[in-house]
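Written below as structure tokens is the structure these notes are about.
The values are calculated or read from the model by the stated rules, or taken from the named source; none is laboratory data. All figures in this text were calculated on a predicted structure; none of them were measured in a lab. Reconstructed Cβ throughout: ideal geometry from the backbone, glycine too, with neighbour counts over all protein chains shown. Side chains included, ligands, DNA and RNA excluded: accessible areas come from the protein's heavy atoms. Shrake-Rupley method; radii C 1.70, N 1.55, O 1.52, S 1.80 Å.
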Amino acid sequence: MKTVLFLAALAALHAAAAARAQDRFHLPLLVPITGALALEGQSERDGALLALDPPTAAGDAARPLRPSHAVFDTGSNPQLAVQAFERAMAAEIRPRAMLGPIDGNSMLALLPLAEREKVALLSVSGTARLTELGNAHIFRFFPSDVVVKAAQARYAVQELQRRKIALVYQNTAYGQSGNEQLGRWIESLGAAVVYRNSVPVTTKEMSGVIAQVRDSGADAVLLQLHSGSSALFLKQAARAGLALPIVGGSALHQPSTAALLEPAELKGVCAETASAPAADPGLAGFARIFRERMKSEPDAFALAAFDAVNAALAAARMPGPLAESLAKIRHPGLAMTYESDGKGNMAHDAIIVCYDGASRTPRIAKRYARPHEAARR
Amino acid sequence: MSWAQIAIDGLALGAAYALVALGFVLILNAAGAVNFAQGDLVMAGGFAAIALASALPLDALPVPGLVLAPLVALAGGGAGWIVAEVAYRPLRHRPPVAVFIATIAVGIMLQHGANGIFGAAERRTPPLVSGDAVVVGGVTLSLQSLAIVATAAIVILLLHRLLERTQLGRRLRAAAEDPEMARAIGIPVRRLTALAFALGAGLAALAGLLLANVYFVTPTAGLAFMLKAYIAVTIGGWGSLRGAVIGAFLVALFEVAAGRLFSASLADALLYAALLLALLFKPEGLFGEAAGRRA
């Protein structure tokens, strides 16, 4: 009799523990806090942290789940990202999802691991290839290069009426992915790429590139550069008197990039992005709370991570494996409504922001809903 | 954009590289080992300037960066002295690899320290002088670039005078060339080695102030400066101060000119190809009499 009672008590304890574990939602944050993409990684981390521990106004008040997290620095390095993944899997509570690093190379290294462990990998990376490998465990909450580059090219060609485009891109996976997409969209829109050149992240002096852009006869410049290189290009282009419209990549919407430049150096410069929390009146509440909590300016990567974590929390309340729930969910986020296209691309909209030369805060110049689909038509 | 402006930009970049390379050689000669933290000391100098600028009322001054320059150089010098005492002195009798691994560790600590204090974003130091550009003979030239060249030239001349014309300079050179003999004749080698570290780090910090206004600074920016200094010193002659300066200008002008003629990516590749050729055909560098002893 004592044995039966002991076994019953043990079963009850086990059931209670299992129920508690189901209430828990452990989300490792694998983000580059150091290294070349530390700025973007810190934005990503801060957005996720705000979603996991929101004040009432910013997040989900219901909270039937008890979220917990652990932050792992991937150092903008695929090898460190893989190590971080393995360490995250060894946690007491087995994670059902992880937030992956923003750099495409690290994400590519993590994809097979996510598939093997059946862990949903949330991403805010724009590298197009991530969702083209048939992996059912990746969910990208930042529009891929296919989407934002379509918006960038459409704005230059259709809104600014430019036909001869100079393309300057970073010689990284991010830059090459954007270069490929931009070239394709520019030509499909009936314009021509008259100049194309790549720049290493270590290049400080851009005067040679700027002189070549001028010599090429281009009537607009499209950039696909990281934050520092974008600011260097703009600063030196202003110094050289390059009077061409410039439409940059998402790095140029970041408040930290604009802070490096004088407002006059930003005059007439535009940038694609998924959202602009610091500039969009509709996101003022998020921006205010983010500033209070994180002591920094929010950007599109922070908001994408915030929306991604909230979508994962919503999916975690649904029955069945998390990846299957994320594949089915339609999540109304702050930046946009997220829904998988069957490949794990959840974000499909983009905006163009432009600076007026008087301040470092841009205004939204154009909103594009599914710009890649319209451009294809 | 004219070649004149590109040349000025190249000279400004070369002037800042020259300060980094000079500091690199000073420490190399004094310690007999490469200071791999030199690039991170450049980065630290940039952030020190940013911290000092936020603490001082510089906005109204016409020369905010010039006011900061001696303070930043002093702060860098202090950091160099600490590096000497922590990462060099306890290890000086071990194989040289111990010192350079210690300096790598110092560099990584500086990176993480800067990331923790200032964050990962690019930051900018105040300009050396207020104003954007001057027009000379119809060519628009950046005032900052000209100020960088002038500041670096003055510092290099002062350093040259210190090393060649003063008793302290002669003692520094003696301690670097033959520490045992110098010690035997009563020269305080330990203190002079620490002073060489302080001078080298002070130059690096000053370069950080000069570079970070035009090219910005991040906690991870040091590696690129370290590599450029290394290439400059290899081309100029391992251990030669004159070679370091000339090597730095050659590296910068090559970088800018090749970037104008070809592409920035190709310019980088060509620079490393030139380094390989230099190592193959003139391993002692342009002025590298001391190469055999110090490499």
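Numbers below:
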quantity: Mean Cβ neighbour count within 10 Å, used as a protection proxy, ranking A:360-369, A:121-130 highest first; calculated: A:121-130, A:360-369
quantity: Positive minus negative residues near A:Glu180 (Lys, Arg vs Asp, Glu; Cβ under 14 Å); calculated: +1
quantity: B versus A: buried accessible surface, summed, Å² (probe 1.4 Å, to nearest 100); calculated: 2700 Å²
quantity: Fraction of the pair-distance distribution of region B:115-183 above 14 Å, Cα-Cα pairs, percent; calculated: 75 percent
quantity: Under 28 Å from A:Lys118, Cα to Cα: lysines that are on another chain or at least 8 residues apart; calculated: A:Lys328, A:Lys343
quantity: Separation of the B:Leu227 and B:Tyr272 label points, Cα + 7 Å toward Cβ, nm; calculated: 0.6 nm
quantity: For region B:116-148 versus region A:279-314, the gap between their alpha-carbon centres in whole angstrom; calculated: 34 Å
quantity: Taking region B:140-217 and dividing mean pair separation by its residue count, relative contact order in percent (alpha carbons under 8 Å, at least six apart); calculated: 19 percent
quantity: Surrounding net charge for A:Ser227, when Lys and Arg each add one and Asp and Glu each subtract one, Cβ distance under 9 Å; calculated: -2
quantity: Inter-part distance where region B:39-71 and region B:153-184 are each reduced to a Cα centre, Å; calculated: 28 Å
quantity: Tilt relative to chain B, helix B:222-236 - C-alpha long axis, 0 to 90 degrees, to 10; calculated: 70 degrees
quantity: Under 15 Å, Cβ to Cβ, from A:Arg367 - net charge with Lys/Arg +1 and Asp/Glu -1; calculated: -1
quantity: Highest average packing first - B:60-66, B:188-194, Cβ atoms within 10 Å; calculated: B:188-194, B:60-66
quantity: Of A:Ser68, A:Ser256, A:Ser106, the one that fluctuates the most in a GNM where chain A has Cα springs shorter than 10 Å; calculated: A:Ser68
quantity: Gaussian network model of chain B, springs between alpha carbon atoms under 10 Å - residue of B:Val34, B:Val135, B:Val72 with greatest fluctuation; calculated: B:Val135
quantity: Karplus 3J(HN,Hα) series, Hz, for region A:332-341 with 6.51 cos²θ - 1.76 cosθ + 1.60 (x for Gly, Pro); calculated: x, x, 6, 7, 6, 8, 9, 7, 6, 8
quantity: Residue-averaged [θ]222 nm for chain B, counting only DSSP H segments that reach four residues, each worth -39500 (n - 2.57); calculated: -24500 deg cm²/dmol
quantity: Label point distance in nm, A:Leu133-B:Asp132, each placed 7 Å from Cα along Cα→Cβ; calculated: 4.6 nm
quantity: Simple spin-label estimate for A:Asp215 and A:Arg116 in nanometres, 7 Å along Cα-Cβ; calculated: 5.0 nm
quantity: Accessible carbon and sulfur surface of the protein assembly as shown relative to its total accessible area, %, 1.4 Å; calculated: 60 percent
quantity: Relative contact order for chain B, counting Cα pairs under 8 Å that sit 6 or more residues apart, in percent; calculated: 35 percent
quantity: Peptide B:114-126, shielding by other chains (average Cβ, 10 Å cutoff); calculated: 5
quantity: Global form of region B:25-183, assessed from the alpha-carbon gyration tensor, a/c cut-off 1.5; calculated: oblate
quantity: Extent along principal axes [Cα atoms of region B:159-295; Å; largest to smallest]; calculated: 55, 37, 25
quantity: Helix axis angle, A:104-117 relative to chain A longest principal axis, alpha carbon, degrees; calculated: 20 degrees
quantity: Sites B:Leu58 and B:Val139 - FRET efficiency at Förster radius 22 Å, r taken between beta-carbons, to 0.05; calculated: 0.15
quantity: Averaged over B:208-218, number of beta-carbon atoms from partner chains that fall within 10 Å; calculated: 3
quantity: FRET efficiency, 1/(1 + (r/R0)^6) with R0 30 Å, evaluated for B:Leu71 and B:Ala153 via beta carbons; calculated: 0.90
quantity: For B:260-269, mean number of other protein chain Cβ atoms within 10 Å; calculated: 6
quantity: Interchain or long-range residues, amide H under 5 Å from A:His26's placed H; calculated: A:Ser68, A:Arg96
quantity: Cα-based helix-to-principal-axis angle, B:241-261 vs chain B, degrees rounded to 10; calculated: 30 degrees
quantity: Mean Cβ count within 10 Å, highest first, over the residues of peptides B:79-90, B:42-53; calculated: B:42-53, B:79-90
